[in-house]
Amino acid sequence: MKIEIEVTSRETIKPSSPTPNHLHHYQLSFLDQISPPVYNPQALFYPSEVNKTNIEKSNHLKQSISDVLTSFYPLSGRIKDNIYVDCNDEGVPYLEAQVKCKLSDVLENPVPIELNKLLPFKLDDVQELPLGVQFNIFQCGGVAIGVCISHKLADASSFLTFLKSWAETARGESDIVRPQFISATLFPPKNISGFEPSTGITNQNIVAKRFVFNASAIETLRAKYTDHVNSTSVPPSRVGALTNFIWNRFVSAMNIDEAATDTFYIVLHAVNLRPRMDPPLPDSAFGNLYRIAMTNPFMGACTNLASQVRNSISRIDKEYVKSQLQEGNKHLEMIKDTAESFNRGKMVALNFTSWCRFPFHEADFGWGRPVWVGSGCLTFNNLVVFMDTVSGDGIEAWVHLKEEDMTKLEANEELIEFLVASQEC
C-alpha cells in the first residue's frame with residue numbers, strides 16, 4: 001500500500017561526552033574505500049505500548065543514541081573525501097514523522113519502495129553523514145524506527161553491532177557491546193584511482209519485491225539441490241538452496257542463452273571476513289570486513305549452483321585475505337577489471353547478500369522486540385537480499401530487478417508454485 005508521512009521535527013543528536021582529541025581522525029580502511037557510497041537501511045516495527053507514550057519513547061531513543069555515540073564516535077562525525085572521518089561530534093540527524101495509516105496496514109502487505117519513506121535518507125545520497133534515524137508514529141500508536149548507516153563505514157555485521165549496543169544502552173544494560181575500530185590497521189588505505197566505488201548504483205527503473213519462503217519450501221529446495229548421486233554430498237544451506245532456486249528462475253525467466261551472446265554472467269555473494277581471518281576477528285570488529293565471492297555458473301535453467309557457490313566462498317580463506325587484500329594490489333586490479341566489463345555491458349551479475357542469522361528482530365529498546373523488521377528498495381539492479389522471517393524458520397528474499405525483468409520473473413510458474421506453497425502452510 002501507499003504510505004503517506006509528514007515529517008514533524010528534525011534535530012541533531014550529539015554524543016553525551018565529547019570525543020577525545022586523539023580520536024578525532026578515523027581512518028577508512030581499503031575495504032571501506034572500495035565499498036559503495038550507499039546507505040544500509042533497516043525499519044523496525046513496534047506495536048502500541050500502554051506503559052510508555054510515543055513522546056517518552058522518542059525522548060528515550062534520543063538519550064540512548066547520545067549515550068551510545070560516545071563508543072561509536074565516528075558515526076557522529078563527517079566522512080571526508082573517501083579517506084577518513086572527521087570525528088567532530090557534529091551529531092546524527094533525528095527526524096520524527098507522522099504516518100497516515102495504521103501499523104497493520106503496512107505489515108499486511110509491505111511494499112519495499114514505500115518503506116523508504118520511513119527512512120531518514122535517500123539510500124543513494126551518501127555524502128558526509130554516517131548515520132540517521134527517523135521515528136515514525138502510526139495512527140494506531142504503533143511506531144517504526146528507520147535507521148540508515150553509511151556503507152562507507154559499516155557492513156551488515158557492523159550495523160548489527162551498533163543496533164545491539166544502542167538497544168542495550170536504551171535498556172540500561174551493564175554489559176554493553178563495544179566496537180573495535182581495527183579495520184584500517186588490518187587493511188590499510190590505498191590509492192584507488194581508476195576504480196569508482198559507485199559502479200552499479202542506480203535507481204533508474206528498479207523495482208523491489210519481497211518473496212517469502214517458509215521452512216517447508218526451503219527444505220524441499222535443499223533436497224532438490226542435493227547431489228544424490230554422490231554419497232558424500234552435503235545438502236546446501238538454506239541460503240545456498242534459495243540462491244540456486246532464484247538463479248534458475250532468473251535464467252529461465254530471462255530466457256538466457258550464454259552461448260548466443262558474448263555477455264559474461266556471474267553470481268556474486270557477500271562474505272563475512274571476520275571468521276576467515278588469522279586469527280579470527282570478533283563480531284564487534286567495526287567496518288567493512290567483507291568481500292565478494294564470484295561464481296561463474298554453468299548455464300541452463302536446471303544448473304546446480306549451490307555446490308559451485310560453496311566452493312567459491314570456501315576459497316575466501318586466510319591465505320586469500322593475506323595475499324589478495326592485505327598484500328599488493330591484486331584485488332584492486334581485479335575489481336577494476338570487473339567494473340570495466342560491467343560498464344561496457346559485457347558482464348551481467350546477479351548479486352546475493354544474506355542478513356539471515358543476524359538477530360535484528362531482537363532489538364528491544366525497552367518496550368519489547370519488533371513485530372517485524374524490513375529493509376526497503378535498494379539502489380542496485382539484480383540484487384537479492386535474504387532476511388529471516390520473524391519466526392526465524394523462513395526466509396524473505398528481497399529481489400531488485402529492472403521493472404520489465406521483474407514482470408518476467410513474477411510470471412515464472414515454478415516461482416509462483418513455491419510462493420503459493422509457502423502461503424498455504
Identify all lysines with a Cα-Cα distance to Lys346 below 16 Å; exclude those on the same chain that are fewer than 8 residues away in sequence. Lys336
How big is the Kirkwood radius of the chain, worked out from every pair of different alpha carbons and given in Å to one decimal? 22.5
In percent, what relative contact order does region 12-134 have, based on Cα pairs under 8 Å that are 6 or more apart in sequence? 39
Just to confirm, what accessible area per residue do you get for region 319-425 at 1.4 Å probe, in whole Å²? 46
Counting only DSSP beta bridges fully inside the chain, the antiparallel percentage to nearest 5 is 75
So with the 1.4 Å probe, I'd like the accessible area per residue for region 157-285, rounded to whole Å². 46
Computed FRET efficiency, Cβ-Cβ of Thr199 and Lys52, R0 45 Å: what is it to the nearest 0.05? 0.50
Length-normalised contact order of region 124-184 in % [C-alpha pairs under 8 Å, at least 6 apart]: 22
For the chain, what is the relative contact order in percent, using Cα pairs closer than 8 Å and at least 6 residues apart in sequence? 22
So how exposed is Ser354, as accessible area in Å² (1.4 Å probe, rounded to 10)? 40
Using the Cα centre of the chain as the reference point, and only Cβ charges (+1 on K/R, -1 on D/E), how large is the resulting charge dipole? Debye, rounded to the nearest 20. 480
Given a 10 angstrom Cα cut-off, can you work out which residue in Ser323, Ser174, Ser307 is the most mobile in a GNM of the chain? Ser174
On full extension of the chain, what length is gained from Asn59 through Arg10, given 0.36 nm per residue of separation minus the C-alpha to C-alpha distance? 16.3 nm
Would you kindly find the accessible area of Arg291, with a 1.4 Å probe and non-protein molecules such as ligands, DNA and RNA excluded, rounding to the nearest 10 Å²? 20
Per DSSP helix of 4 or more residues, -39500 (n - 2.57); summed, then divided by the residues of the chain. What does that give at 222 nm, rounded to the nearest 500? -8000 deg cm²/dmol
Among Thr353, Ile3, Leu115, the residue whose Cα sits farthest towards the positive end of the charge dipole of the chain, when +1 is placed on the Cβ of each Lys and Arg and -1 on the Cβ of each Asp and Glu, is Thr353
Which of Pro41, Pro279, Val321 sits farthest toward the positive end of the charge dipole of the chain, with +1 on the Cβ of Lys and Arg and -1 on the Cβ of Asp and Glu? Pro279
Given +1 on the Cβ of Lys and Arg, -1 on the Cβ of Asp and Glu, and no further charges, what dipole in debye does region 129-235 carry about its Cα centre, rounded to the nearest 20? 180
Take Asn255, project a point 7 Å from its Cα along the Cβ direction, then tell me which residues of region 397-411 have their backbone nitrogen under 18 Å from it. 402-411
How many percent of the accessible area of the chain is carbon or sulfur, using a 1.4 Å probe? 49
Show which aspartates and glutamates lie in cross-link reach of Lys62 when reach means a straight Cα distance below 13 angstrom and same-chain residues fewer than eight apart are skipped. Glu11, Glu96
In a GNM of the chain with a 10 Å cut-off on Cα contacts, which of Lys100, Lys164, Lys117 has the highest mean-square fluctuation? Lys100
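The values are calculated or read from the model by the stated rules, or taken from the named source; none is laboratory data. All of these numbers come straight from a predicted model, not from anything done at the bench. Methodologically, a virtual Cβ is constructed for each residue, glycine included, from the backbone with ideal geometry; neighbour enumeration extends over all protein chains shown. Ligands, DNA and RNA are stripped out before the accessible areas are found, and what is left, the full protein with its side chains, is counted by its heavy atoms. Shrake-Rupley method; radii C 1.70, N 1.55, O 1.52, S 1.80 Å.
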